[in-house]
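One structure below.
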Amino acid sequence: MRQFTAVVNPTAGGAGSAAALLAVARLLREAGAGLRTEYSRSLDHARDLAREAGERGDVVLAVGGDGMAGGIGGALSGTGATLGLVPAGRGNDFARALGLPRDPEALAGILLRAVPRPVDTVEVTSATHDRVVVLGSVYAGVDALANRHANRSTVLKGSASYYAGGLRAVTTWRAARYTVTVDGEEHRFTGYTVVAANSGYYGSGRVIAPDARVDDGLLDVVMIEDAPRRLFFTLMNELKTGAHVRRPQVRILRGREIRIAADREVPYGADGEVDAVLPVTARVLPGALRVLC
């Protein structure tokens with residue numbers, strides 16, 4: 001029977017984080033599994049707790065949102081430890097990409113019985129931020145600015161904070177001139193953002209890269225070029241279904257190592273947490289993490 005250590009972000013989803021864990025924890029214990037719960041003081045603390053649990057041979061449960069999943073998953077990348085997810089944040093995009101259910105019974109069944117699946121992780125290096133390893137995507141442009149606004153919102157929560165943050169970011173955005181290098185080949189354009197996607201989802205369920213797969217050893221590079229603001233809002237609405245990829249302003253490439261630079265200070269983010277500025281390099285680490293899904 002598996003032994004679990006749950007690392008909890010006490011701020012993700014408010015009381016919902018504790019509730020999500022309690023419902024699953026009862027089912028795990030009833031099935032005979034061992035479960036230890038650790039509360040993190042910060043993302044760095046969560047990474048340390050995860051590494052210690054992994055070294056004991058426990059399955060590490062990341063309880064929270066994409067920041068917690070990415071931070072803990074990154075800490076376990078390459079260690080041979082197994083990750084389980086209990087989605088309890090605003091976006092839960094990596095859990096969505098894995099097809100994980102929110103229903104406690106269905107999720108507990110996966111955590112108890114699923115065979116660990118190897119998935120890719122993403123190494124992120126930059127002169128303006130410490131090296132990190134994440135799970136979902138690296139995004140540089142108006143979406144990173146929107147995420148910054150959402151994370152700093154003290155009034156709105158959940159999807160509402162993303163929507164308000166996006167509206168504020170788009171109305172103030174000035175198109176940047178990007179240089180994107182994909183496996184050594186340089187591409188230049190002027191526009192809104194570049195996303196190096198391991199997972200197809202970001203920004204609380206938006207389908208930024210419909211064909212991205214978490215286990216193919218590649219990143220889907222989505223480049224959104226400059227467009228009239230009205231058209232850009234239409235394009236953003238199409239992210240709900242992935243229909244934006246048919247627009248001539250959207251170009252998608254695939255590669256293993258992506259470097260993103262711009263002609264001015266452009267923010268970038270990763271898994272909802274990293275807040276830094278370009279340039280940045282994202283490199284896929286194929287099959288580096290074992291996940292229950």
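The values are calculated or read from the model by the stated rules, or taken from the named source; none is laboratory data. Everything numeric here is computed off the predicted structure, so don't read it as measured data. Here Cβ is always computed from backbone atoms with ideal geometry, including for glycine, and neighbour counts include all displayed protein chains.
Among the residues of the stretch 241-291, those identified as in contact with a Pro (Cβ under 6 Å, 6 or more places away or on another chain) and either touching a residue at least 60 places away in the same chain (Cβ under 8 Å) or assigned to a strand (DSSP E or B) (or both) are Ala261, Val277, Gly287, Arg290.
In the stretch 54-62 there is no residue that is under 19 Å from Gly272 (Cβ atoms), at pLDDT below 95, in the same structural domain as Val8 (by TED's automatic domain parsing) and touching a strand residue (DSSP E or B) at 6+ places or on another chain (Cβ under 7 Å). Checked across the stretch 78-93, the condition of being touching a helix residue (DSSP H, G or I) at 6+ places or on another chain (Cβ under 8 Å) and part of a helix (DSSP H, G or I) holds for at least one residue.
Ala209 fulfils the conditions (1) in a strand (DSSP E or B); (2) under 17 Å from Ile252 (Cβ atoms) except for a single criterion, (1). If you go through the stretch 212-227 and keep only what is surrounded by fewer than 19 Cβ atoms within 10 Å (Cβ to Cβ) and either charged (D, E, K, R) or not in a loop (DSSP other than H, G, I, E, B) (or both), you end up with Arg213, Asp215, Asp216, Glu225, Asp226. Of all the residues in the stretch 234-293, those that are closer than 17 Å to Ala176 by Cβ and in contact with a His (Cβ under 7 Å, 6 or more places away or on another chain) number 3. Note on the stretch 108-191: enclosed strands (runs of 3 or more DSSP E) holding 3 or more residues that are within 30 Å of Gly80 (Cβ to Cβ) and modelled with pLDDT under 95 are 129-134.
Of the residues making up the stretch 271-284, those that are over 29 Å from Gly109 (Cβ atoms) and touching a Gly at 6+ places or on another chain (Cβ under 7 Å) are Glu273, Asp275, Val284.
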